[in-house]
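These notes concern the structure reproduced below.
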Amino acid sequence: MLELDRTYSIKEIGDLKDFVTVAYVIIDDIYQDVTPTHIKNRCNINTSKMSDSEIITLSIVAELLTIDSENAWFGFCKKNMRDLFPRLCSRSRFNRTRRNLHAVIEEIRKKISALTEHINQPYRIIDSIPIPVCKFGRAHFHKTFKGFGATYGKCASKKETYLGYKLHMLATIDGFITDAVITSANIDARAATWDLISGYSNITMFGDKGYIGDDFAADLKAEKDINILPLKRNSSKIQFPKELRQTIFRLRRRIETSASQLVCQLNIERVLAKSFWGLQTRIKTKLLAYNLCYYINKLIGRESHSRIKELVFG
């Protein structure tokens, strides 16, 4: 198991091992807080070569390094991280344990949202991105996700039809993703909104044209006291004032930037999972990796580097 060298001094995150160390301490601290006892003390856990926190940490780092091949990632760890992880388990054991921890990974992500206090902000940006599991040309022969909700959907930005899912997200006005839900690709964005906002009331959301609907807006206001301000179509007879339109457009660019980082830097649209269970785990890990980096950047930006040292060593 990973052992922290108490003589190790860190004034800033200068290299990969620094990041792995800080990430592990944050993840392990939250893991101990949010994980049910029956999971932490499950059968044979004391004989495991790697702890759950180590497996989650390595999964996060692999996603941030855009290494999709577990074989390549394990080879890298064996050569470069033996001092941090002297007892690597087998690749199959690593993968099975990570999939079993998908609910814990989600709870850790929610806890980080609470620690950043973003959950209390009154404004959110709502959006969705496609998660294709197969190109349209091969969809008829695709069997991996058959019976697990994969349907045909349209990606407006790429002007193409795909087989797969959608990831619906709520983000703060500075890009922190607070909530996410995976649905079939043909699910309307407005229908998925109800799952995203289940824990909210009295907030204002900004969305794109996919969230237009007078009845939808009225239901949100009546049931959850939530206001939604979507971009209006050019043909709409009723338009927002110019200043409000510019504000919505500017805020929309923020979540589009976050979505672009998930797609380009974390390969969230590249599905290599062999099951829906594995797909959920990969997406939840990518979202946790994104939010963890945001959280660490906030700590470094707001506080002195001695705060990071305190975080690592107590």
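The values are calculated or read from the model by the stated rules, or taken from the named source; none is laboratory data. Note that the structure is a prediction, hence the values are computed from the model and not measured. Methodologically, a virtual Cβ is constructed for each residue, glycine included, from the backbone with ideal geometry; neighbour enumeration extends over all protein chains shown. Only protein heavy atoms, including side chains, enter the accessible area calculation; ligands, DNA and RNA are left aside. Shrake-Rupley method; radii C 1.70, N 1.55, O 1.52, S 1.80 Å.
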Some residue of segment 75-96 being open to solvent by less than 10 Å² (accessible area, probe 1.4 Å), within 25 Å of Cys264 (Cα to Cα) and either touching a Phe, Trp or Tyr at 6+ places or on another chain (Cβ under 8 Å) or in contact (Cβ under 8 Å) with a residue 12 or more places away in the chain (or both): yes
Residue list for segment 237-276, restricted to those being charged (D, E, K, R), surrounded by 14 or more Cβ atoms within 10 Å (Cβ to Cβ) and in a helix (DSSP H, G or I): Arg245, Arg252, Arg254, Glu256
Among (1) out of contact with any Lys or Arg (no Cβ under 6 Å at 6 or more places or on another chain); (2) surrounded by 13 or more Cβ atoms within 10 Å (Cβ to Cβ); (3) at pLDDT 85 or above; (4) farther than 26 Å from His102 by Cα, the one test that Ala192 misses: (4)
Only one of Gly164, Gly175, Gly147, Gly153 that is at positive phi and in a strand (DSSP E or B): Gly164
Spans of helices (runs of 4 or more DSSP H) in segment 1-115 with at least 2 residues modelled with pLDDT of 90 or more: 16-34, 37-40, 52-64, 91-100, 102-115
Of the criteria (1) in contact with a strand residue (DSSP E or B) (Cβ under 8 Å, 6 or more places away or on another chain); (2) of a type in the set (Lys, Arg); (3) without any contact (Cβ under 8 Å) to a residue 60 or more places away in the chain, which one Arg124 fails: (3)
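Conditions tested, residue by residue: (1) at pLDDT below 90; (2) of a type outside the set (Val, Ile, Thr); (3) in contact with a Gly (Cβ under 8 Å, 6 or more places away or on another chain); (4) surrounded by fewer than 19 Cβ atoms within 10 Å (Cβ to Cβ).
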| site | (1), (2), (3), (4) |
| --- | --- |
| Asp127 | no, yes, yes, no |
| Ile131 | no, no, yes, no |
| Phe141 | yes, yes, no, yes |
| Gly149 | yes, yes, no, yes |
| Lys166 | no, yes, yes, no |
| Leu170 | no, yes, no, no |
| Ile173 | yes, no, no, yes |
| Ala185 | no, yes, yes, no |
Breaking point among (1) modelled with pLDDT of 90 or more; (2) more than 30 Å from Tyr295 (Cβ to Cβ), for Asn227: (2)
Enumeration of residues in segment 213-228 that are of a type outside the set (Gly, Ala, Ser), open to solvent by 40 Å² or more (accessible area, probe 1.4 Å) and either in contact with a strand residue (DSSP E or B) (Cβ under 8 Å, 6 or more places away or on another chain) or assigned to a helix (DSSP H, G or I) (or both): Asp214, Asp215, Asp219, Lys221, Glu223, Lys224, Asn227
